[in-house]
Amino acid sequence: MALKDEEIIERLMEEDLSFRQMKLQHLEYEKQLEDYKKKSYLTPAEQDEVHRLKKMKLALKDKMYREIVEYRKREEGA
C-alpha cells in the first residue's frame, strides 16, 4: 500500500535530521512571511526580503518533495 505524503513526512521528521531541519526552516520562513503580511506597508528593502524569503521557502519545499519521492521509491522497492 502506498504511503501518503503526510505519513512519509512524519517518518522523515522522526528519522532524518536533515529533513527535520529543512521542515523547521520552511516553517520559519512561513512565519517571517506572515509577519510581513501583517504590515500595511512594506519598504522596498522589506519587499526585497519578502521576495527572497519566498524563493528560499520554495527551494526548500522542492527539496523536501524530492526527499519524499525518494523515500517512497525506497519503501515501495523494499
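Numbers for the structure displayed
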quantity: Pair E75, D62: separation of 7 Å Cα→Cβ label points (nm); calculated: 2.5 nm
quantity: Degrees between helix 5-15 axis and first principal axis of the chain (Cα, 0 to 90, nearest 10); calculated: 90 degrees
quantity: Rounded to whole Hz, the Karplus (6.51, -1.76, 1.60) HN-Hα couplings of the range 40-45, x for glycine and proline; calculated: 7, 9, 10, 5, x, 5
quantity: FRET efficiency for K54 and Q21, using Cβ-Cβ distance with R0 set to 30 Å, rounded to 0.05; calculated: 0.95
quantity: Chymotrypsin sites (Phe, Trp or Tyr not before Pro) restricted to the range 14-78 and DSSP loop, no more than 16 other C-beta within 10 Å; calculated: Y41
quantity: At 0.692 mPa s and 37 °C, Stokes diffusion of the range 1-69 via Kirkwood alpha-carbon radius, µm² per second; calculated: 246 µm²/s
quantity: Per-residue ³J(HN,Hα) for the range 29-34, Karplus 6.51 cos²θ - 1.76 cosθ + 1.60, θ = phi - 60°, Hz, x for Gly and Pro; calculated: 4, 4, 4, 4, 5, 4
quantity: Chain lengthening between E6 and T43 when straightened (0.36 nm per residue, less Cα-Cα); calculated: 9.6 nm
quantity: Point-charge dipole on Cβ atoms (K/R +1, D/E -1) for the chain, about Cα centre, debye to 20; calculated: 320 debye
quantity: Unsatisfied cross-links (Cα-Cα over 32 Å) in the set K4/K31; K38/K73; K39/K61; K37/K63; calculated: K38/K73
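Every number in this text was worked out from the coordinates using simple rules, so none of it is lab data. In this text the structure is predicted, and so the values were computed from the model without any measurement. Backbone-built Cβ (ideal geometry, glycine too); neighbour counts: all protein chains shown.
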